[in-house]
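As C-alpha cells, the structure follows; a few thoughts come after it.
The values are calculated or read from the model by the stated rules, or taken from the named source; none is laboratory data. If you're wondering where the values come from, they're calculated on a predicted model, not measured in any experiment. Cβ: placed from backbone, ideal geometry, glycine included. Neighbour counts: every protein chain shown.
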Amino acid sequence: MSAAPDVSRRALLFGRRAVAPALRPPWALDEAAFLDTCTGCNACTERCPEHVLVRGPGGYAVFDPQLGECTFCGECELACAPRALDRAASSQPWTLRAVAGEACLPRHGVVCSSCRDACPERAIAFPLTARVPVPIVDAERCTGCGACVGVCPVVAIALAAHIEETA
C-alpha cells in the first residue's frame with residue numbers, strides 16, 4: 001500500500017512520508033477502539049493457523065499478506081479475550097481489497113498473471129486486449145485475503161480499504 005506524502009514543512013524538508021495504516025486482523029474494531037481494547041497479549045497471532053498475523057509496532061497484531069493468505073477461519077477472533085477482534089461488531093472481516101499498482105508487470109508490457117492464479121475467489125481477471133492485458137480486480141468478489149500479494153514478483157499488489165459505493 002503506498003502512503004500519501006506528508007505535506008507538513010518538516011516532512012517536506014526531510015523527505016519523510018506518512019506511515020501507511022496498519023492492516024489489522026479480521027474483525028478488528030476501528031483503529032482507535034482496537035488500540036484502546038487490545039492488550040498486546042499475542043493470543044491472536046499465536047492461534048493463527050496460517051501464520052499471517054504478526055506482532056507489529058507497539059506490540060499490536062497486524063496482518064502481513066506477504067506471508068500468505070488469511071482464510072478467515074476465525075481462530076484469531078476466538079482467541080481474543082479483550083474483544084479487540086469481534087465478529088459480532090461487523091458482518092465482514094474487513095474492507096480490504098486488492099489493488100494493482102503502477103509497478104505491475106503487465107502495465108509495462110510483460111506477461112504475468114501470478115495474482116490471478118493465486119486468487120481463491122477468482123476476483124482478478126485479465127480481459128483480452130490487443131496488448132498485454134492488465135489486471136482488473138472485482139471488488140465484489142475480492143475478500144482481501146492477501147493470497148495475491150506475496151506471489152507478485154514485483155510487489156505491485158497491495159491491500160487497501162475499499163469504500164462501498166452507494167446508489
Within region 124-147, can you find the residues that are surrounded by fewer than 23 Cβ atoms within 10 Å (Cβ to Cβ), among the hydrophobic types (A, V, I, L, M, F, W, C), in a loop (DSSP other than H, G, I, E, B) and touching a strand residue (DSSP E or B) at 6+ places or on another chain (Cβ under 9 Å)? PHE126, VAL134, ALA139, CYS142
I'm told ASP36 meets every condition in (1) among the charged types (D, E, K, R); (2) over 28 Å from VAL155 (Cα atoms); (3) in contact (Cβ under 8 Å) with a residue 24 or more places away in the chain except one. Can you identify the failing condition by its number? (3)
Return a yes/no flag: does region 114-131 have any residue that is among the aliphatic types (A, V, I, L, M), more than 23 Å from LEU23 (Cα to Cα) and at pLDDT below 95. yes
Residue pairs within 9 Å by beta carbon, gap of at least six or interchain, first lying in region 124-146 and free of Cβ contacts under 8 Å to residues at least 24 places away in the same chain, second among the hydroxyl-bearing types (Ser, Thr, Tyr) and surrounded by fewer than 20 Cβ atoms within 10 Å (Cβ to Cβ), listed first then second, are PHE126/SER113
